[in-house]
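K.L.:
Just dropping this structure here.
The values are calculated or read from the model by the stated rules, or taken from the named source; none is laboratory data. All values derive from a computational prediction rather than experimental measurement. Cβ sites come from the backbone with ideal geometry, for glycine too, and all protein chains shown count toward neighbours. Just the protein is used for accessible areas: all its heavy atoms, side chains included, with ligands, DNA and RNA removed. Shrake-Rupley method; radii C 1.70, N 1.55, O 1.52, S 1.80 Å.
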Amino acid sequence: MLDLAGGAGIKAAMLAARGAQVTSVDLLPHKHEQARANLGRLGLQAEFLTHDLTQPVNLPPAAHVLLDAPCTGSGTLRSHPEIKLRLTPHAVAAAAALQAQMLPHAAALVAPGGTLVYSVCSVTPQEGPEVIAGFLAGHPEFEAEAVPEVEVPHVPAGDGLLTVPEGGIDGFFIARLRRRADSSIG
């Protein structure tokens, strides 16, 4: 299992606790230090790779890839009201452009028949549905799948779903993509 843009290792820890062998990739080496400490406190392990995901990654294909992409964080305004000070059309466009650069490199790591889960803690259409629509338009080897039902308020959003930021829940966009089993990597 690949955890791309892994950050402090929270998702890697959740996956490892469920028995997954996780490789976490992040741009910032100090994030790996935090992740190792977090996993270590829980008695869990993962592999770590420092890499800029706007560039191709030299890893073997995986059946499951998670890209929790950097974003504006617009879905977390409730708990981070300072975000509204930097939430501008330019910031949204820049985040969407970064995500659109990272997504094909994440997708290149998905084994035939495997899944890619894309998520952002943003509620802007540019950072969620539009990134996925643009990706799918240029990558016929992938198709969107229904996201398993979640037990929080949510609405359909393009080829994914958007959690509704209410009742203590933040807003997230999530999409699940499957690489066609008959497609080749590369």
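K.L.:
Return the pairs, sorted by first residue and then second, in which the second residue is not in a strand (DSSP E or B), the first residue lies in the range 172-186 and is among the basic types (Lys, Arg), the beta carbons are less than 7 Å apart, and the residues are 6+ apart or on different chains.
P.N.:
Arg176/Val147; Arg179/Glu141; Arg180/Glu141
K.L.:
Could you check Gly40 against (1) modelled with pLDDT under 95; (2) within 30 Å of Gly167 (Cβ to Cβ) and say which number it fails?
P.N.:
All conditions are met except number (2).
K.L.:
Pick from the range 137-170 the residues that are modelled with pLDDT of 95 or more, open to solvent by less than 60 Å² (accessible area, probe 1.4 Å) and part of a loop (DSSP other than H, G, I, E, B): which of them is nearest to Thr72 (Cα to Cα)?
P.N.:
His139
K.L.:
OK, next. Look through the range 22-43, keep the residues that are basic (Lys, Arg) and over 19 Å from the mean Cα position of the chain (by Cα), and return whichever of them is least open to solvent (accessible area, probe 1.4 Å).
P.N.:
Quick first cut of the range 22-43, residues basic (Lys, Arg) only: 31, 36, 41.
When the remaining residues are screened for being over 19 Å from the mean Cα position of the chain (by Cα), the result is 36, 41.
Numbers: Arg36: 127, Arg41: 171 Å².
Step by step, filter the range 22-43, then rank; the result is Arg36.
K.L.:
Six or more apart or on different chains, Cβ atoms under 6 Å: show the pairs whose first residue is in the range 57-85 and modelled with pLDDT of 95 or more and assigned to a strand (DSSP E or B) and whose second is of a type outside the set (D, E, K, R) and open to solvent by 50 Å² or more (accessible area, probe 1.4 Å).
P.N.:
Final answer for the pair search is His64/Met1.
K.L.:
Among the listed residues Ala100, Ala93, identify the single one that is under 18 Å from Asp159 (Cα atoms) and assigned to a helix (DSSP H, G or I). Even if it seems obvious, please write down each step before you answer.
P.N.:
Working: Ala93 fails: under 18 Å from Asp159 (Cα atoms).
Result: Ala100 is the single residue among Ala100, Ala93 that is under 18 Å from Asp159 (Cα atoms) and assigned to a helix (DSSP H, G or I).
K.L.:
So for the range 7-17 (the condition being open to solvent by 20 Å² or more (accessible area, probe 1.4 Å), assigned to a loop (DSSP other than H, G, I, E, B), at pLDDT 95 or above and on the phi < 0 side of the Ramachandran plot), does at least one residue qualify? Reasoning before the result, please.
P.N.:
Here is the first cut: in the range 7-17, the ones open to solvent by 20 Å² or more (accessible area, probe 1.4 Å) are 8, 10-11, 14-15, 17.
So of that shortlist, the ones also assigned to a loop (DSSP other than H, G, I, E, B) come out as 8.
Next, from what is left, pick out any that are at pLDDT 95 or above: none.
Within the range 7-17, none of the residues are open to solvent by 20 Å² or more (accessible area, probe 1.4 Å), assigned to a loop (DSSP other than H, G, I, E, B), at pLDDT 95 or above and on the phi < 0 side of the Ramachandran plot.
K.L.:
Out of (1) over 24 Å from Leu77 (Cβ atoms); (2) in contact with a strand residue (DSSP E or B) (Cβ under 9 Å, 6 or more places away or on another chain), the odd one out for Tyr118 is which?
P.N.:
Failing condition for Tyr118: (1).
K.L.:
Mind counting the residues in the range 121-136 that are open to solvent by less than 30 Å² (accessible area, probe 1.4 Å) and either closer than 9 Å to Ala96 by Cβ or part of a loop (DSSP other than H, G, I, E, B) (or both)?
P.N.:
Within the range 121-136, residues that are open to solvent by less than 30 Å² (accessible area, probe 1.4 Å) and either closer than 9 Å to Ala96 by Cβ or part of a loop (DSSP other than H, G, I, E, B) (or both) number 5.
K.L.:
Now, a different point. In the range 171-186, what residues are more than 18 Å from Thr72 (Cβ to Cβ), open to solvent by less than 50 Å² (accessible area, probe 1.4 Å) and in a loop (DSSP other than H, G, I, E, B)?
P.N.:
Ser183
K.L.:
Sticking with this structure for a sec: When you scan the range 60-118, how many residues do you find that are more than 20 Å from Pro148 (Cβ to Cβ), open to solvent by 30 Å² or more (accessible area, probe 1.4 Å) and within 17 Å of the chain's Cα centre (by Cα)?
P.N.:
Here the count works out to 11.
K.L.:
Another one. Going by what's in this entry, would Pro125 be described as touching a strand residue (DSSP E or B) at 6+ places or on another chain (Cβ under 6 Å) and either at pLDDT below 95 or over 23 Å from Ile10 (Cβ atoms) (or both)? Lay out the reasoning, then the answer.
P.N.:
Working: touching a strand residue (DSSP E or B) at 6+ places or on another chain (Cβ under 6 Å): no; either at pLDDT below 95 or over 23 Å from Ile10 (Cβ atoms) (or both): yes.
Criteria not met by Pro125.
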